């Protein structure tokens, strides 16, 4: 199983750029990019909290989902 961050879709739906979210959260644009492209193995809880707060997401299933590996 893998955790998929739906950040790319959320940003597109809201017409936001990664740079804008980076500024709102204090995270680097690189971090936002890696999360958007699901290129990270570990995600600090603080990063998830900052993103959820900035995007006003209270239900984590709106931000991420658990999927079966495509093996």
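Every number here is computed from the coordinates shown, using simple stated rules; none is lab data. All values derive from a computational prediction rather than experimental measurement. Virtual Cβ from ideal backbone geometry, glycine too; neighbours counted across all protein chains shown.
Of all residues in the range 17-38, those satisfying the criterion of being touching a helix residue (DSSP H, G or I) at 6+ places or on another chain (Cβ under 8 Å) and part of a loop (DSSP other than H, G, I, E, B) are 17, 26, 27, 28, 37. Scanning the range 20-36 for residues that are touching a residue at least 12 places away in the same chain (Cβ under 8 Å) and over 11 Å from residue 47 (Cα atoms) yields 21, 24, 33, 36.
Please go through the range 44-66 and give me each residue that is outside any loop (DSSP other than H, G, I, E, B), more than 9 Å from the chain's Cα centre (by Cα) and more than 12 Å from residue 6 (Cα to Cα), ordered by number. Scanning the range 44-66 gives 45, 46, 49, 50, 53, 54. The listed residues are 41, 13, 9, and the only one of them that is out of contact with any helix residue (DSSP H, G or I) (no Cβ under 8 Å at 6 or more places or on another chain), surrounded by fewer than 13 Cβ atoms within 10 Å (Cβ to Cβ), free of Cβ contacts under 8 Å to residues at least 12 places away in the same chain and not in a helix (DSSP H, G or I) turns out to be 41.
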